Each structure stands twice: as structure tokens, then as C-alpha cells.
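Below: one structure, written as C-alpha cells.
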């Protein structure tokens with residue numbers, strides 16, 4: 001099934017087993033998703049959290065909210081990346 005969004009930015013933790021994707025929806029608004037994977041499992045990434053139905057008007061707003069919602073993301077990226 002095709003995705004109804006475009007990933008505009010992606011951030012991984014140091015262990016490379018979790019990531020936060022900043023996504024742009026078809027209406028131009030943004031959201032974020034948290035994903036995880038287990039290195040020994042070849043199935044790939046699994047969605048853990050999606051900010052939908054909440055949307056943000058800009059990418060920096062989505063990043064800021066992701067930092068508030070996802071502890072490891074706030075720890076690794078304490079300031080909004082540009």
C-alpha cells in the first residue's frame with residue numbers, strides 16, 4: 001500500500017534501533033513517527049507511535065513536539081535541528 005506522506009527528515013539514536021521520522025502529509029502539514037527495529041530480526045522497522053491525527057504547520061513545530069513526546073529523542077537532540 002502506498003504511503004500518504006513524505007519523510008522530510010529522519011533521526012536515529014546511537015544504537016541505530018530507534019528513529020523519529022518527520023513526515024509531510026498530502027495537505028502540506030507535518031507530523032512525526034517513532035520507529036524501532038531489532039538487529040537480529042530481519043523484518044525491518046516497526047511503527048511505535050504516529051502523531052496523527054495531530055498535525056503541525058511546519059517541520060520545526062513537528063520536531064519540537066517529537067522532542068517533548070519521545071524521551072530518547074529529547075536526550076539526543078536537545079535543540080531543534082536545522
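Note on segment 14-58: the C-alpha convex hull projects to 3.8 nm² when averaged across all orientations. Sorting 6, 29 from the fewest to the most surrounding beta carbons within 10 angstrom yields 6, 29. One-quarter of the Cα convex hull surface for the chain, in nm²? So the Cα hull casts an average projection of 5.7 nm².
Computed from the coordinates by the stated procedures, all read-outs in this text should not be read as laboratory data. Small disclaimer: the values here were computed from a predicted structure and weren't measured. FYI the Cβ positions are ideal-geometry reconstructions off the backbone, even for glycines, and counts take in every protein chain you see.
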